[in-house]
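Values quoted throughout were computed directly from the atomic coordinates according to the rules given, and no laboratory measurement underlies them. Keep in mind the model is a prediction, meaning the values are calculated, not measured. Positions of Cβ are backbone-derived with ideal geometry, glycine not excepted, and every protein chain shown enters the neighbour counts.
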Amino acid sequence: MSEYYAPLRDMQFVLKELAGLDAVAQLPGCEEATPDLVDAVLEEAARFALEVLSPLNYPGDQEGATWHDKAVTMPAGFKEAYKLFVESGWAALASEPEWGGQGLPKVVAAAVGEMWKSANHAFSLCPLLTTGAIEALVLSGSEELKKTYLEKMVSGEWTGTMNLTEPNAGSDLAAVRTRAEPQPDGSYKIYGQKIFITYGDHDMVENIVHLVLARTPNAPEGVKGISLFVVPKFLVNADGSLGARNDAWCVSIEHKLGIHASPTAIMAFGDHSGAIGHLVGEENRGLEYMFIMMNAARFGVGLEGVAVCERAYQRARDYARERIQCTDIGVRGGPKVPIIAHPDVRRMLMTMKAYAEATRALAYVVAAAHDAAMRHPDEGERKANQAFVDLMIPVVKGWSTETGVMVASLGVQVHGGMGYVEETGAAQHLRDAQISTIYEGTTGIQANDLIGRKIARESGSTLKVVIEAMRALDADLAQQAGGHFVAIRNRLRTGVDALAAAGGWLVATYGSDVRAAAAGAVPFLKLLGTVAGGWLMARAALAAQARIAAGDSDPFFAAKIGTARFYADHILSQAPGLASTVTDGAEGVMALPEDMF
């Protein structure tokens with residue numbers, strides 16, 4: 001079974017040519033992110049992913065996390081791998097130096113995070129949730145809470161969780177019923193049950209810091225009455241040492257389709273004496289604070305889509321090179337050839353490769369914009385970049401993860417019948433990928449957020465800015481000779497026009513017929529992702545051509561142009577059909593009354 005090798009060449013290209021690493025390194029606080037340092041970080045991360053995480057992926061899936069007597073045991077090797085992960089400083093990569101972090105830009109952390117997710121999806125979920133909890137505490141926690149928890153969480157010595165979902169409250173957080181009763185000492189006692197809690201319990205660290213949504217006694221109904229609490233597995237003494245075991249227990253873990261090595265816990269708070277919790281920020285603002293975690297997690301989950309595209313592609317490519325079957329098409333009596341020679345296998349591999357590169361480009365560009373939104377000295381630049389990030393986060397999450405499932409399915413297809421056999425590893429990628437379309441809000445939730453809060457609410461102003469940036473590339477494409485660039489230019493122009501038409505229709509329709517707009521929400525999300533991917537692949541082709549024109553003979557650049565051409569012809573060409581579905585598809589969606597289903 002093949003191991004994962006990080007695509008360092010493409011990662012470095014995207015960081016420098018598309019995400020603007022040089023500009024990111026000029027931002028206040030990012031000065032140390034020089035090309036040499038970033039390359040060194042990526043190379044070390046690639047080595048860790050190859051030597052430590054990837055070898056645990058398949059056996060971890062087969063063994064799975066296990067539960068006994070309210071405690072979870074991780075698969076063999078995970079505890080040791082996590083210890084090495086922490087000792088090597090990977091947990092602290094992007095956190096603020098004030099709390100012991102290394103302070104590297106988000107765009108660098110995104111590239112490193114992609115490696116963890118490709119190498120071992122289940123393992124990567126633990127630091128993902130901790131990162132979100134850290135961000136919520138940094139932005140909303142009291143100084144006392146920060147001093148108590150952040151240093152250990154940033155180092156990775158303690159991990160964090162998000163506790164939102166309840167048996168009666170899935171995506172509808174207004175239905176949360178976990179309660180928080182104030183105590184004389186200023187703490188609260190938490191009572192309730194939470195489900196689907198990733199890494200709610202495990203044996204890799206000595207303490208787990210749960211962030212829990214609950215209601216205080218006089219809280220108003222609905223989402224306006226939700227507060228956020230820190231509820232540690234072990235209470236923390238004044239000197240920072242661990243105290244008594246808190247009344248927060250894992251009462252079982254789920255038997256899941258995939259990510260078997262990642263424990264998905266049912267957590268019971270307060271079944272005995274009451275779980276001690278501490279209020280984060282102000283009462284009744286918990287959902288606002290939790291969305292800090294959610295937005296961080298949504299980007300991280302989007303990277304899971306990128307990662308499975310790359311991992312499934314690598315495994316399928318390697319198999320296609322080795323699997324000998326049939327003579328080359330059109331050749332009678334010739335020798336049998338590797339299946340990578342067959343045009344349809346080549347089409348599938350090119351689809352996988354193109355999607356991996358396009359989703360990576362979008363994720364890194366959005367991460368770089370996040371760095372500018374947080375750190376740029378000019379307020380106008382900060383606002384413009386934040387608007388771009390807000391618009392594209394649902395796309396990074398929704399489009400990339402849906403794409404990941406499709407690409408993983410193609411990987412099984414490339415393997416043929418062997419892809420359906422667990423020993424090849426292709427099936428695990430498909431099983432693992434499916435959860436990413438559900439985590440932190442399903443694709444439908446991401447799409448409704450996109451068309452409502454991110455487009456209709458501002459009359460499409462940020463979308464129009466993005467569309468203009470896409471159209472501005474046309475002049476550069478027009479200057480390039482050769483059939484590849486003619487095709488890329490034509491497809492991109494058509495795709496951008498389709499996006500503009502669908503976006504204009506949504507803005508005009510949302511206020512008068514929200515159901516019609518919602519019926520086209522997911523197709524629009526896919527349309528925006530598809531066209532954004534085509535725009536960035538076109539930019540990549542131009543950058544590659546510039547390197548070739550300067551005398552660089554690295555075949556990577558010719559491959560980049562060829563992949564951009566494939567994306568234009570086979571993927572970007574779908575844009576007009578998606579736009580038509582957005583503008584004309586609502587009637588069909590709502591055609592049947594409920595009793596006809």
**Q.** Net lengthening on full extension, E288/L139 (0.36 nm per residue, minus Cα-Cα)
**A.** 52.5 nm
(Q) Quick check: residue separation of R382 and F597 times 0.36 nm, minus the Cα distance between them. What number comes out in nm? (A) 72.6 nm
Q) Using mean Cβ contacts within 10 Å as the protection proxy, how do 492-505, 236-249 order, highest first? A) 492-505, 236-249
Q) For all pairs of alpha-carbon atoms in the chain, what percent lies in each bin of width 10 Å, listed from the first bin to the last filled one? A) 3, 16, 27, 27, 18, 7, 2, 0, 0
(Q) Less than 18 Å from a label point 7 Å out along the Cα-to-Cβ axis of D474: which backbone N atoms in the stretch 500-517 qualify, by residue? (A) 500-504
Q: Identify all lysines with a Cα-Cα distance to K83 below 20 Å; exclude those on the same chain that are fewer than 8 residues away in sequence.
A: K117, K152, K233
Q.
Once you order the gyration tensor axes a ≥ b ≥ c over the Cα atoms, which shape class does the stretch 116-256 get: rounded for a/c under 1.5, otherwise prolate or oblate by comparing a/b with b/c?
A. oblate
**Q.** Charge dipole (debye, nearest 20) of the stretch 4-124; +1 at Cβ of Lys and Arg, -1 at Cβ of Asp and Glu
**A.** 360 debye
Q: Sort S124, S459, S262 so that the residue with the fewest other Cβ atoms within 10 Å of its own Cβ comes first and the one with the most comes last.
A: S459, S124, S262
Q. For the chain, with the dipole built from +1 on Lys and Arg beta-carbon atoms and -1 on Asp and Glu ones, taken about the Cα centre, which of L279, H255, M204 lies farthest toward the positive end?
A. H255
Q. What is the spin-label model distance, in nm, from E51 to S88 if the labels are put 7 Å beyond Cα along the C-beta direction?
A. 0.8 nm
Q: Express in nm, to one decimal, how much length is gained between R245 and R453 on full extension, taking 0.36 nm for each residue of separation and deducting their alpha carbon distance.
A: 70.7 nm
Q) What list of whole percents do you get for P(r) of the stretch 396-480, with Cα-Cα distances grouped in 5 Å bins up to the one holding the largest distance? A) 3, 13, 14, 12, 12, 13, 11, 10, 8, 3, 0
Q) On average over all directions, what projected area in square nanometres does the stretch 459-590 have, based on the convex hull of its Cα atoms? A) 8.0 nm²
Q) What is the pair-distance distribution P(r) of the stretch 188-323, computed from all Cα-Cα distances in 10 Å bins starting at 0, with each bin given as a whole percent? A) 11, 31, 32, 15, 7, 4, 0
**Q.** Around M590: net Lys/Arg minus Asp/Glu count, Cβ-Cβ under 11 Å
**A.** -2
